[in-house]
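The structure under discussion appears below in the form of structure tokens.
The values are calculated or read from the model by the stated rules, or taken from the named source; none is laboratory data. Just so you know, these numbers come straight off a predicted model, no measurement behind them. Glycine also receives a Cβ, built like all others from the backbone with ideal geometry; neighbour counts cover every protein chain displayed. Side chains included, ligands, DNA and RNA excluded: accessible areas come from the protein's heavy atoms. Shrake-Rupley method; radii C 1.70, N 1.55, O 1.52, S 1.80 Å.
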Amino acid sequence: MTDNFRGLDLIRDVNVSLTVELGRATMALKDVLELVENSVVPLDRQVDELLDIYVNGKPIAKGEVVTEGG
């Protein structure tokens, strides 16, 4: 094992917050309050655009949605 990976062993069990962002929308509060089950909220991304991945609020990567077993 390299020295870099040995150093990571010290923090390997630290919990972090992982966020995968599908997109964003700006809405008036009155419209948010009117949302119900099955409401559609248009986001600022196209279906085929990469998703943003954040760790503790910091962008670290881009990724894509994939399906498993189907």
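Looking at ASN38, is it at positive phi, modelled with pLDDT of 95 or more and either in contact with a Leu (Cβ under 6 Å, 6 or more places away or on another chain) or surrounded by fewer than 11 Cβ atoms within 10 Å (Cβ to Cβ) (or both)? So ASN38 fits the description; yes. Of all the listed residues (LEU33, LEU50, LEU22), the sole one being open to solvent by 100 Å² or more (accessible area, probe 1.4 Å) and under 14 Å from the mean Cα position of the chain (by Cα) is LEU22.
Being among the charged types (D, E, K, R), in contact with a Gly (Cβ under 7 Å, 6 or more places away or on another chain) and in a loop (DSSP other than H, G, I, E, B) is a property that holds for ARG45. For region 58-67, the count of residues that are open to solvent by 100 Å² or more (accessible area, probe 1.4 Å) and in a helix (DSSP H, G or I) is zero.
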